[in-house]
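Peer 1: Quick one: the structure is below, and I'll ask about it shortly.
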Amino acid sequence: MLRQSHRRDVDHQQSLDSVAENRHVKSTEVAKQHVRQLIISVLGVRALVLSVALLSSFLSPFDSSATIVLDLSSRPAFSSESLPRTLLRRFLSTCLRWDAIHFFHIAQYSYVYEHEFAFLPGIAFVLNIGAKIFKHVSSWTDSATASPYEMLAAHLLLSTLVTCDAIQTLYRLTLHHTGAPQLALLTGYLSLVSSSPATLHLAPYTEPWFTWASYRGNLDFLFP
């Protein structure tokens, strides 16, 4: 009698363990699927923003700062270049606006003017190192130093990787605190809705890096 009772208890416990394991496996698969969806969404939103930026480069700019910084005035209509390079230069010319001008100048020449000390060196460091890495794997120019275009292209590539990691980190944080996969997925989608899409997805600003660092810091605090 005692053996039968013990056997039933063991079978019941094994059944509970099996159900718990199946739920864990299922929730893990759901989380992986959600993360894939979010990363695809990041790439889709970025592609949309970049497409709008490229199309806008064919319009008369309301801010001509990029013309001076990138020396586009010496390349009338980009006539001497192939079509891919022409499109890339046109696109990159839309990335430099407002504070990005100062970040870009610091990355190229370090701190030259007094007002530049209002800007921290983090993004300038990223632009500089990223351009050096980009130069090793590309043949954009024959110059020994990184060109403005290599700096901007490197920033776009690195910030895309950072944003992909940031959104899945936010998903994990939300899932940990709420236990609701659908809510975590919705939170990830909403994080892509920015009041300034160009700042988050295009220009060499600190926003993508700060966002990633804050999410990653919170996650590392929870799971050291």
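The values are calculated or read from the model by the stated rules, or taken from the named source; none is laboratory data. Remember, predicted model here, so these are calculated numbers, not experimental data. When we count neighbours, we look across all protein chains shown, and the Cβ atoms used for this are built from the backbone with ideal geometry, even at glycine.
Peer 1: In region 173-224, which residues are among the aromatic types (F, W, Y) and under 24 Å from E150 (Cα atoms)?
Peer 2: Of region 173-224, the ones among the aromatic types (F, W, Y) are 189, 205, 209-210, 212, 215, 221, 223.
Those that are among the aromatic types (F, W, Y) and under 24 Å from E150 (Cα atoms): Y205, W209, F210, W212.
Peer 1: Quick test of your reading of the structure: C95 fulfils all but one of (1) touching a His at 6+ places or on another chain (Cβ under 9 Å); (2) closer than 30 Å to L185 by Cα; (3) at pLDDT 80 or above. Name the failing condition by number.
Peer 2: (3)
Peer 1: Can you name the residue in region 148-195 that is closer than 21 Å to A124 by Cα and either of a type in the set (S, T, N, Q) or assigned to a loop (DSSP other than H, G, I, E, B) (or both) and is also modelled with the lowest pLDDT among such residues?
Peer 2: Only one residue fits best here, namely S159.
Peer 1: Continuing with this model, one more query. Could you tell me which numbered condition Y205 fails, if it satisfies all but one of (1) aromatic (F, W, Y); (2) assigned to a helix (DSSP H, G or I); (3) within 18 Å of F104 (Cα to Cα)?
Peer 2: (2)
One line per residue, one yes/no per condition, for (1) under 27 Å from L48 (Cβ atoms); (2) surrounded by fewer than 18 Cβ atoms within 10 Å (Cβ to Cβ); (3) at pLDDT 70 or above:
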{"residue": "S73", "(1), (2), (3)": "no, yes, no"}
{"residue": "Y111", "(1), (2), (3)": "no, yes, yes"}
{"residue": "F119", "(1), (2), (3)": "no, yes, yes"}
{"residue": "A131", "(1), (2), (3)": "yes, no, yes"}
{"residue": "V137", "(1), (2), (3)": "yes, yes, no"}
{"residue": "T145", "(1), (2), (3)": "no, yes, no"}
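Peer 1: Moving to a separate point now. Yes or no: region 206-223 includes at least one residue that is out of contact with any Pro (no Cβ under 7 Å at 6 or more places or on another chain), in contact (Cβ under 8 Å) with a residue 40 or more places away in the chain and among the small types (G, A, S). Spell out the reasoning first.
Peer 2: Narrowing region 206-223 to residues out of contact with any Pro (no Cβ under 7 Å at 6 or more places or on another chain): 206-223.
Adding the requirement that they be in contact (Cβ under 8 Å) with a residue 40 or more places away in the chain leaves 206, 208-209, 211-212, 215-216, 218-219, 222.
Next, from what is left, pick out any that are among the small types (G, A, S): none.
No, region 206-223 has no match at all.
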